[in-house]
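S.K.: Here it is, the structure, as structure tokens.
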Amino acid sequence: MPHPGSSSGKGKEIASLYEDARDSGQWPPYPPPGETELEKALRLEDEREARRVSDAIDQALELELQSTRRKRKEETRLLLLGQSESGKSTMLKNFQLHFTPRAFRAEGDAWRAVIHLNLVRSVNYIIDLLSHTADAQLSHSNSTTYRPHGDVSLHSQGSASPTAATFGQAHPHHRASQKPQPSSEIRRFKLALSPLRQVEMILAKQLSVHEREIHDPSNTISSGRPSEVTVRGGRAWVSLLKRKPQDKAQTQYDQDHAEALENARQILDACRADIVALWASEGVQAGLTEEGVVLREQSGFFLDQAERIASMSYEPTFDDILRARLQTVGVEEHRLVMETAAENGQQWIFYDVGGARGQRASWLPYFEDVNAIIFMCSTAGFNEVLLEDRAVNRLLDSFNLWKTICSSRLLSSIQFILLLNKTDILEARLQAGVQFSSYVKSYRGENDLMSVTDYLRKKFIAMHHHHSPEPRQLHVHTTCAINIDMTSAVLMRIRDAILVTYLMATDML
């Protein structure tokens, strides 16, 4: 054992002093007692080296911070907000189509799988719904209180989402179906189209669909719509499905994946005639009408194009991709490298966030370092309720969400762009006789598209003015995101507004 004055004991003492100095935040540390000249020289050399390393780290961090700041100034960051099914992802696809057409076209294979899954789930939903209704009517033939959708009212002139009552009122019970359902015909279709259950499982697996999306007929029947195609945030599903069978870098997994998708397409093609016959059936249409289900108004509706889409030779069009429905759990970051002449090479970053109530807490981290907020509101939501909370009217929820966003001090200097979307569905409902004033009691105008959209525009502008912490820019547009020509003009106006903000931020204007 070395005695206390040995070199070993002295080294431990010096190390202990250094640790104490480090822990207390003191630098350089006090000289240890009894330090020799040699020990002092060694200590000073260690301190100089430590200072040099520390300064080098600080310099590297500062250079990285400056680089990040320059890069952020060169990028345009946009945050897409709005409730679920307001059209955020569809508007993003319009940006891709308009400004990055080559990159967007390269994703066609991936979107084909999504479109096929949309189609298959619509078919399976119809069969489940009408089979369930026919069976229930048979077992409740003496009952006058049977409600195939529980307490949710689905009016035939309404929408894909459950139809809402006026703000503050309870929605009425669904009346019992009076017309006999086409049970024998449905049984025939159920047998002929049973292979589509396998197709749904294949496509869901290949798209890495979220585990909660396992097909449950009881859930889809009660919701009044086919189940969502839901994937986790990130673009992994796109890169996975873009792989070609002839890619040299393919693994065995990739080959199995490609074969599974090919098998699904072959089964779908074999069932094509029966899918077309299902949708053309008068009995099926009567059954859907009796149940108050309007599939045509839902995103992801392709039954009227089944002959073309179920074919082995099918290649998605831009219009098909815009209409495809894909719900994302989490946040997706999309980096668009502009291909158009005016913006060529510029990078626009879009954050597409989930709009369901349970996902809105994830928005907050993205409120910083964005150039603009694009807020989507479905104008057709005036007679709908939220799927996740059927006591809440969709339009009222949009009003409350807008108020919350406008009130955020984190966004006080951020440019706002409001898009009143789905005007095509709104106009169809108004023309069908659905009274806007029956659901929005404060409305006193005419029951036409121009009057209603003008009311909504003024309502949102007034809320923005009242709740904003300080004055800021607001641009309002009415849109139909699946109408390429109409949306193109809106995109150009949005591009111009964002460009002005970008130039001001970089001191170029």
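S.K.: For the stretch 300-382, give me every one of the strands (runs of 3 or more DSSP E) that falls completely inside it and has 1 or more residues that are under 19 Å from residue 104 (Cα atoms), in contact (Cβ under 8 Å) with a residue 40 or more places away in the chain and among the aromatic types (Phe, Trp, Tyr).
M.R.: Ranges flagged: 347-353.
S.K.: Out of (1) of a type in the set (A, V, I, L, M, F, W, C); (2) at pLDDT 55 or above; (3) assigned by TED's automatic domain parsing to the domain that holds residue 298, what's the single condition that is false for residue 170?
M.R.: It fails just one condition, (2).
S.K.: Can you go through 18, 30 and tell me which one is over 22 Å from residue 366 (Cβ atoms) and modelled with pLDDT of 60 or more?
M.R.: Answer to the selection: 30.
S.K.: I need every pair where a residue in the stretch 192-205 that is open to solvent by 60 Å² or more (accessible area, probe 1.4 Å) has its Cβ under 8 Å from the Cβ of a residue that is modelled with pLDDT under 90 and not aliphatic (A, V, I, L, M), sequence separation at least 6 or different chains.
M.R.: 197/215; 201/215
S.K.: Among the residues of the stretch 427-465, write down those that are among the hydroxyl-bearing types (Ser, Thr, Tyr) and part of a loop (DSSP other than H, G, I, E, B).
M.R.: Correct list: 442, 443.
S.K.: Follow-up question, since we're still on this one. Given (1) modelled with pLDDT under 90; (2) over 25 Å from residue 126 (Cα atoms), where does residue 374 come up short, assuming only one miss?
M.R.: That leaves (1) as the condition not met.
S.K.: Looking at the stretch 401-423, which of the residues that are part of a loop (DSSP other than H, G, I, E, B) and in contact with a strand residue (DSSP E or B) (Cβ under 6 Å, 6 or more places away or on another chain) is surrounded by the most Cβ atoms within 10 Å (Cβ to Cβ)?
M.R.: Among them, the one singled out is 422.
S.K.: Okay, next question. Looking at this structure, is residue 317 within 23 Å of residue 199 (Cβ to Cβ) and assigned by TED's automatic domain parsing to the domain that holds residue 188?
M.R.: Yes, satisfied.
S.K.: Now a separate question. Of 453, 479, 487, which residue is open to solvent by less than 10 Å² (accessible area, probe 1.4 Å), closer than 26 Å to residue 442 by Cβ and touching a residue at least 60 places away in the same chain (Cβ under 8 Å)?
M.R.: 479
S.K.: Got a sec? Which of 64, 47 is modelled with pLDDT of 65 or more and open to solvent by 60 Å² or more (accessible area, probe 1.4 Å)?
M.R.: Result of the check over 64, 47: 64.
S.K.: Which residues, taken from the stretch 424-449, are of a type in the set (A, V, I, L, M, F, W, C) and surrounded by 13 or more Cβ atoms within 10 Å (Cβ to Cβ)?
M.R.: If the condition is that a residue be of a type in the set (A, V, I, L, M, F, W, C) and surrounded by 13 or more Cβ atoms within 10 Å (Cβ to Cβ), then 425, 426, 428, 430, 434, 436, 440, 449 are the ones that fit.
The values are calculated or read from the model by the stated rules, or taken from the named source; none is laboratory data. Values in this document were obtained by computation on a predicted structure and should not be read as measured data. FYI the Cβ positions are ideal-geometry reconstructions off the backbone, even for glycines, and counts take in every protein chain you see. Quick note on the areas: whole protein, heavy atoms, side chains included, nothing else; ligands and nucleic acids left out. Shrake-Rupley method; radii C 1.70, N 1.55, O 1.52, S 1.80 Å.
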